[in-house]
Amino acid sequence: MTNLIDQYLIWWPQLWAGLQLTVGLTFASMAVALVIAIILALGQIHGAPSWARIGSVIFVELIRGTPLLLQLFYIFYVFPYFGIRLSPIVAGIVGLSINYGAYLSEVFRAGIEAVDRGQWESSRALGMRSLHFVPLVILPQAARIVLPPTGNYFISMFKDTALVSTISLGDLMFRGQLLASESFKYIQIYSFIFLIYLAISYPASRAVVTLERYLRKGRRV
């Protein structure tokens, strides 16, 4: 047991570096994904020109209809054939952001459409333009609805960052794979990584459940 603990202490600096990259990648990708989601959601709901609405729908269906792993491969390995070369970390952020932005756009669209239509009509009656009342009136109300599912997607993204190891990005999973290939102690290393993911994902998921209950109670009040 003591030897195993000592071994974990030797592995920890490498895994800690990978974990830091994983967490940073998750936050950066989610920030971009939220912007993409809002743009796509508004494009589907409030796309003034018809091509904006059609383009948003096609983009969302295209991304949702293909696996994230394939999208990462396409961005990192296929884009260079068209003169677009991205570093592994940029490719990882782009891939995760686009994928989750497409899925979150459906969440945001549902949240925006759930806002009472009277809010839209009242804002227009006051002479407010869409450019003003949507971010100031509609989105804050929709945020209360979309926060819990967005939190769940955030946790899912944290776990899905493991896929970026396939494009040679040194995240937690990639570092674990290197250590396992060097030491051949696959059970110990992958079990340790399993516990690291669980130690972060489970408390986060419970926090989302608590937030959802709080918001539901607030709506009833």
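Rundown of residues vs (1) more than 20 Å from Leu147 (Cα to Cα); (2) surrounded by 15 or more Cβ atoms within 10 Å (Cβ to Cβ), yes/no style:
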position: Ala31; (1), (2): no, no
position: Leu42; (1), (2): no, yes
position: Ile54; (1), (2): yes, no
position: Ile58; (1), (2): yes, no
position: Pro88; (1), (2): yes, yes
position: Ala114; (1), (2): no, no
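Restricting to segment 148-204, count the residues that are in contact with a Pro (Cβ under 8 Å, 6 or more places away or on another chain) and more than 19 Å from Trp16 (Cβ to Cβ).
Qualifying residue count for the region: 2.
Being open to solvent by 60 Å² or more (accessible area, probe 1.4 Å) and either at positive phi or at pLDDT below 90 (or both) is the filter here; which residues of segment 144-158 pass it?
Hits for segment 144-158 are Arg144, Ile145, Leu147.
Applying the selection to segment 56-96, what residues are aromatic (Phe, Trp, Tyr) and under 18 Å from Tyr153 (Cβ atoms)?
Listed by number, the list holds a single entry, Phe59.
Checking the conditions here, which among Ile75, Ile98 is surrounded by 12 or more Cβ atoms within 10 Å (Cβ to Cβ), modelled with pLDDT of 80 or more, aliphatic (A, V, I, L, M) and over 16 Å from Ala37 (Cα atoms)?
One residue alone meets the criteria, Ile75.
It is to be established whether one or more residues within segment 173-188 are aliphatic (A, V, I, L, M), farther than 23 Å from Ile89 by Cβ and over 18 Å from the mean Cα position of the chain (by Cα).
yes
Mind counting the residues in segment 159-187 that are part of a helix (DSSP H, G or I), open to solvent by less than 10 Å² (accessible area, probe 1.4 Å) and either without any contact (Cβ under 8 Å) to a residue 60 or more places away in the chain or out of contact with any Asp or Glu (no Cβ under 9 Å at 6 or more places or on another chain) (or both)?
The total comes to 4.
The values are calculated or read from the model by the stated rules, or taken from the named source; none is laboratory data. From a predicted model like this one, the values you see are computed outputs, not experimental measurements. All Cβ positions, glycine included, derive from the backbone under ideal geometry; neighbour counts span all protein chains shown. What goes into the accessible areas is simple: the full protein's heavy atoms, side chains included, and nothing from ligands, DNA or RNA. Shrake-Rupley method; radii C 1.70, N 1.55, O 1.52, S 1.80 Å.
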